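Reading through the structure tokens given below for one structure.
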Amino acid sequence: RKKWLDSLRNKDFQFKVGEEIISIIEKLYDKEKNIIAGKLFAKYIDKKITYSDFVRICEKLDRLFISDINLLKKSSSFSADNKERLRSFGLYNSISHDGMSFSSSIGPYQQELSPNHDLQILIDVIRN
């Protein structure tokens, strides 16, 4: 914990984080998305997610539509169409027949989709 707190006191790291936060806020045009980004940052400060988790999930949040956020708020299970839509934002992974996970489409064949770690974090933040 001390090492982590020391990293927060490092001027280069502070600059990097500050610059990233400003960039995220500038990109997120919606108040609700900024609130979610703030909650994600709080999770980072509480060491519940890593800095790279924070940045990566905020990038995905930027691409989501408000209707997608509302879907994540309300639903505990998603239709095949919604899963595919969330996969396009990097929130679901495709599972091939050999059990390998990947995030891009493998063609016209139906594929199994599995929620990834980022989706679980985002749902937790959106619902709390």
Verdict on residue 93 being open to solvent by 30 Å² or more (accessible area, probe 1.4 Å), outside any loop (DSSP other than H, G, I, E, B) and at pLDDT 90 or above: no
Filter pass, residue 60 being of a type in the set (Lys, Arg), open to solvent by 50 Å² or more (accessible area, probe 1.4 Å) and farther than 27 Å from residue 9 by Cα: no
Tally of residues being of a type outside the set (Ser, Thr, Tyr) and open to solvent by 70 Å² or more (accessible area, probe 1.4 Å) across region 14-57: 15
Scan of region 26-68 for residues that are within 12 Å of the chain's Cα centre (by Cα) and aliphatic (A, V, I, L, M), ordered by number: 36, 37, 40, 49, 55, 57, 61, 64
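The values are calculated or read from the model by the stated rules, or taken from the named source; none is laboratory data. What you see is a predicted model, and the numbers here were worked out from it, not measured in a lab. All accessible areas refer to the heavy atoms of the entire protein, side chains included, with ligands and DNA or RNA removed. Shrake-Rupley method; radii C 1.70, N 1.55, O 1.52, S 1.80 Å.
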